[in-house]
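Inspection log for the structure reproduced underneath, given as C-alpha cells.
The values are calculated or read from the model by the stated rules, or taken from the named source; none is laboratory data. This structure is a prediction, so every number in the text was calculated from the model and none was measured. Note: ideal-geometry Cβ built from the backbone for every residue, glycine included; neighbour counts use all protein chains shown.
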Amino acid sequence: MPVFRLHRLFKVSDAIEDPTNGLLMIVGDGRRRCALLVDELLGQQQVVAKNLGEGMGKVQGVSGGAILGDGCIGLILDTPELVALARQNGTVSIRKEDLLPQQIAAA
Amino acid sequence: MNNVTTTNTAQTGAATSHGGKFLSFFLKDEEYGIEILKVQEIIGMLPITRVPRTPEYVRGVINLRGKIIPVTDLRSRFEMEEQEVTTETCTIVVQAGGLEIGVIVDKVSEVMDIPISEIEDVPSFGTDVNADFLLGIGNANGRVRLLLDIDKVLLTREIVEIHSSNAGIDA
C-alpha cells in the first residue's frame, strides 16, 4: 500500500515527517487504498460540505470545506484524487527498510 | 505569462470613462482607491484557514456568516513586505467578476467622490503596483490615490493558474 506524505503535497513545514512518529490513516476510494501520513487524529463529526468559494478554484487534493462548531473552517480531503495521486507517484512510498517490524506485520 | 491574461480579463475590467465614488485604503504608505460599487462590506480580521497549493498571496478562506470565501493579502499580491496584523488591519469584501473575495489591507480611510476630470492616466513607471492593475490616478482633497482595477488584481493570475492546472490534468 502506498504511503502518501500529505505534508509534502500540502507543503506543511512543521508536520511530522517520520512515519514511525505520526499516524498512518488508511483511506480508500472504493477500489484502491492508500495510507496518509498525518500528525494526529482529532475525532469524527458530521459536517455540511461547502465549496471554498468560487474565487478559489479547484485545489488539488481538497474537495471543499466545512464550517466547524467553533466557526473555523476545516478542509475536506478529496480521497479519490489523493489515492490516484498516491498511485501515480511511486516516489511518495516509503521504503520497506524504513518501517519497524510490527508495521511490516500490520501491512 | 502575465501578458497572456490581460485579454482574458479585459471584459471584466471597469470602464475608466467615468469618475465616481471610491473607497480609499492604505497599503504601506500609499493610499489606494477601489470603486465603491465593487465593495460589499468591510470586516475586521477573521480567523483564516490556510488552503494548501494556492499562491502565496491567497491567505486562505474565512467563514463569512456561514459562507466560505477566499481572502487575498494585497500586500503580498503586490510583492510588498508583510506586516503584522494591527487593530486597523481589515478585510474588504469585494465583488470581482461576480465572485466574492476578501482583500486584506492595512487600514481603510474614507469614501470620496472623484470626478473624471480629476482622474489621470497611469504613468508607466514609478509605482509599486503593475500599471495593468490601475484604472488611473485620482486626485481628491489634495491627496493622490492609486485607483485599482480590483477585477484585474484579483482575477488575472488565477485565470492562468486554472488554465495551466487543467492542462496538467489533460497531459
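Return yes when B:MET80 is part of a loop (DSSP other than H, G, I, E, B) and not hydroxyl-bearing (Ser, Thr, Tyr) and no when it is not. Walk me through it before giving the result.
Working: part of a loop (DSSP other than H, G, I, E, B): yes; not hydroxyl-bearing (Ser, Thr, Tyr): yes.
So B:MET80 passes the test.
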(request) Identify the residue in the stretch A:30-65 that is within 14 Å of A:ALA84 (Cβ to Cβ) and more than 14 Å from chain B (Cβ to nearest Cβ) and, among all such residues, is nearest to the chain's Cα centre (by Cα). (result) A:CYS34
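Do we find that B:PRO52 is over 19 Å from B:LEU148 (Cβ atoms), surrounded by fewer than 17 Cβ atoms within 10 Å (Cβ to Cβ) and at pLDDT 90 or above in this structure? Can you show your working first?
Working: over 19 Å from B:LEU148 (Cβ atoms): yes; surrounded by fewer than 17 Cβ atoms within 10 Å (Cβ to Cβ): yes; at pLDDT 90 or above: no.
Judged against the criteria, B:PRO52 is not a match.
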(message) Suppose we filter A:LEU6, A:LEU68 for residues that are within 14 Å of chain B (Cβ to nearest Cβ) and surrounded by fewer than 17 Cβ atoms within 10 Å (Cβ to Cβ); which single one remains?
(response) A:LEU68
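Select, from B:VAL103, B:VAL61, the only residue that is within 10 Å of chain A (Cβ to nearest Cβ), in contact with a strand residue (DSSP E or B) (Cβ under 8 Å, 6 or more places away or on another chain) and crowded, with 21+ Cβ neighbours inside 10 Å. Before the answer, list the steps.
Values: B:VAL103 fails: within 10 Å of chain A (Cβ to nearest Cβ).
From the options B:VAL103, B:VAL61, the qualifying one is B:VAL61.
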(message) Tell me whether the stretch B:48-70 contains one or more residues that are outside any loop (DSSP other than H, G, I, E, B), in contact with a Cys (Cβ under 7 Å, 6 or more places away or on another chain), closer than 25 Å to A:CYS72 by Cβ and touching a residue at least 24 places away in the same chain (Cβ under 8 Å).
(response) no
(request) Keeping to the stretch A:54-76, report how many residues are touching a strand residue (DSSP E or B) at 6+ places or on another chain (Cβ under 8 Å) and acidic (Asp, Glu). (result) 1
(request) Look through the stretch A:20-29, keep the residues that are surrounded by fewer than 18 Cβ atoms within 10 Å (Cβ to Cβ) and either part of a strand (DSSP E or B) or touching a helix residue (DSSP H, G or I) at 6+ places or on another chain (Cβ under 8 Å) (or both), and return whichever of them is farthest from the other protein chains (Cβ to nearest Cβ). (result) A:THR20
(request) Scan the stretch A:62-84 for residues that are in contact (Cβ under 8 Å) with a residue 24 or more places away in the chain and either touching a Phe, Trp or Tyr at 6+ places or on another chain (Cβ under 7 Å) or polar (S, T, N, Q) (or both) and jot them down. (result) A:THR79, A:LEU82
(message) Please go through (1) more than 14 Å from every other protein chain (Cβ to nearest Cβ); (2) over 12 Å from the mean Cα position of the chain (by Cα); (3) of a type outside the set (Val, Ile, Thr); (4) not in a helix (DSSP H, G or I) for A:SER13 and return the number of the only condition it doesn't satisfy.
(response) (1)
(message) Could you check the stretch A:14-46 and list, in sequence order, the residues that are of a type in the set (Gly, Ala, Ser) and modelled with pLDDT under 85?
(response) A:GLY28, A:GLY30
